[in-house]
1. For the chain, I need the span (max minus min coordinate) of the C-alpha atoms along each principal axis, in Å, sorted largest to smallest.
2. Label 7 Å along Cα→Cβ of PHE230; region 35-52 residues with amide nitrogen under 20 Å?
3. Just subtract the alpha-carbon distance of GLN270 and TYR491 from 0.36 nm times their residue separation and send over the number in nm, one decimal.
4. FRET efficiency for LYS510 and VAL419, Cβ-Cβ distance as r, R0 = 30 Å, nearest 0.05?
5. Given 5 Å bins starting at zero, what is the percent of C-alpha pairs of region 306-510 in each, up to the one with the largest pair distance?
6. For a 21 Å ceiling on Cα separation, which of these pairs sit above it: LYS253/LYS318; LYS211/LYS358; LYS5/LYS143; LYS20/LYS266; LYS15/LYS259?
7. Can you pull the Kirkwood radius for region 1-277, inverse mean 1/r over Cα pairs, to one decimal in Å?
8. Given the peptides 413-419, 428-434, 230-236, arrange them by the average over their residues of other C-beta atoms within 10 Å, most packed first.
Amino acid sequence: MYERKALVIDREVDKMGMGKYQWYIWGLCGLGYFLDLLWAQAFGLIATPLQQELGFNTDQLGNIFTAFSSGLCAGAFVWGVLVDIIGRRAAFNGTVLITCIFGLCLGAPDTYNAILVLTAFNGFGIGGNIPIDTTICLEFLPKDRRFLLAMLSIFQPLGVVVCSGIAYGFVPKFNCLNNVDVPACSGSSLSPPDCLPSCFNVPKGEACCSKGDNMGWRYLTYCLGGISLFVFVLRFFLFTFQESPKFLLSKGKDEEAIKVIQHVAKVNGQETSLTMATFNALENSFGTRGAAVELPGGVILTKKHWTEKVKFELMRMKILFSSAMLIRLTLLVWVIYAFDYWGFSIAGSFLPTILLKKNSAINVSISETYRDYIIIYLPGIVGVALGALMVKVNRVGRKWAMVISSALMATSLFLFAAVNTQASNVGLNVMEYFFQSMFNAVLYGWTPEAFPAPVRGTASGIASFWGRLFSIWAPLVAARILDDNLNGPLYMAGAGVFVCTIAVMFLPSKAFDLNALMGK
């Protein structure tokens, strides 16, 4: 009965088409993607000035990325499950609220441990964005506009470019490296002995890198916190987000689901013929009038104690293993997310530092390096658009778009390890981020489509959880390798992405059958 009512809802959404309400939802969900990469990029860009001010060793550099990834991991799992329990609306606003609160506080502490704690909580808020936003967007988009799910990822390179642009304005100007007239310090990661040491590592009165001389990275985090707050205001105060009708149906709240559809139609300047009489007629035809809606598992949720409801919601995860195809799909998606995050978390965390060191060796200034970051990440916008386009191309589709983009992303990482000129450094970084953006655009848009609606948020959240889990310890390993071998992290990242390529090739063909998927 749930599936039949959900199909009626789908038909009403399809009849409305892509109206104003859908565009609002798409834009606001896109801002969740924007924040995800806005903050992820920031920690790679502030790593060197942060290290110089606080005086920790290079092998501890991975701690900040691990703290962020730990928060992302917990957030992906908790919010991914909560979105199917407390609803899309509360999760939609809660993630951004947590992000802006801890983001605004991030520039205040003077100790590394305090920064690590705030970074983890900031990551906890951000971690729920992608599984929640894809789920929400999918449930409000008409079928003929499902390609816009992949296009949501266009906001990610925008976030990276905005972060890089703000960093270019602040970090080169307000950092300790500019307070020492030594060319070898430009773009260093504390290796030259004549760079300013941290004030924590020298006796009082000696020249050192103090907080007042190194405010650039703090100005960057304040700006990003302000942007996150603006997104929360847009979501909570300026736009009235309606709960997902499919979520309401899954809780037996048919009348509320109908009211949501009526509200969406009103915002779009349209009318809907959907009423309770439609659902009553459906129930009568199956002899179930007056019964509460049952989700897979056979447990009626109405009038149950909250502990029983939570237990049942967790039991729903069995749906992911209810058939041979779903078992294969679920496990391979976990592998893909795990090694995708392995690859791009190492790349996102250490490519800025590696580029800084490589440019330093060929006498490229820190200002030029931060300018290069903007050049590197702008083409990622085109990568997302190409990914969304390729899913429509015959004989390519989602599967081969992911195979091609992941293979080329891994290739670019290996090539970057083998060369060191300014042109090749920029060009190969552009190639890496271009295909990373393309791959993730297709992956994030396809994942919620591939799973049944009652566990759509849970499936996306758990897949993201595995990715975040791998991104916790990958930077720790990469940081230790970086201390001995500058190119080691690049080989680690490239190998992980090649695992994704192989896993995608073994995904079941039915998981890419659009007609079957749209029926869900």
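1. 83, 46, 41
2. 35-43
3. Numbers: separation 221, 0.36 × 221 = 79.56 nm, distance 5.47 nm.
Taking 0.36 nm per residue and subtracting the Cα distance, the gain is 74.1 nm.
4. Details: r = 42 Å, r/R0 = 1.41.
So the FRET efficiency works out to roughly 0.10.
5. 1, 7, 15, 17, 18, 14, 10, 7, 5, 3, 2, 1, 0
6. Working: LYS253/LYS318 24 Å; LYS211/LYS358 27 Å; LYS5/LYS143 16 Å; LYS20/LYS266 10 Å; LYS15/LYS259 16 Å.
Long pairs (Cα-Cα over 21 Å): LYS253/LYS318; LYS211/LYS358.
7. Values: mean 1/r = 0.0485 Å⁻¹.
Every distinct Cα pair counted, the radius reaches 20.6 Å.
8. On the way: 413-419: 18.4, 428-434: 23.7, 230-236: 16.4.
Packing proxy ranking, top to bottom: 428-434, 413-419, 230-236.
The values are calculated or read from the model by the stated rules, or taken from the named source; none is laboratory data. No experiment lies behind these values; they were computed from the predicted model shown. Here Cβ is always computed from backbone atoms with ideal geometry, including for glycine, and neighbour counts include all displayed protein chains. Areas reflect the complete protein model, heavy atoms only, side chains present, ligands, DNA and RNA absent. Shrake-Rupley method; radii C 1.70, N 1.55, O 1.52, S 1.80 Å.
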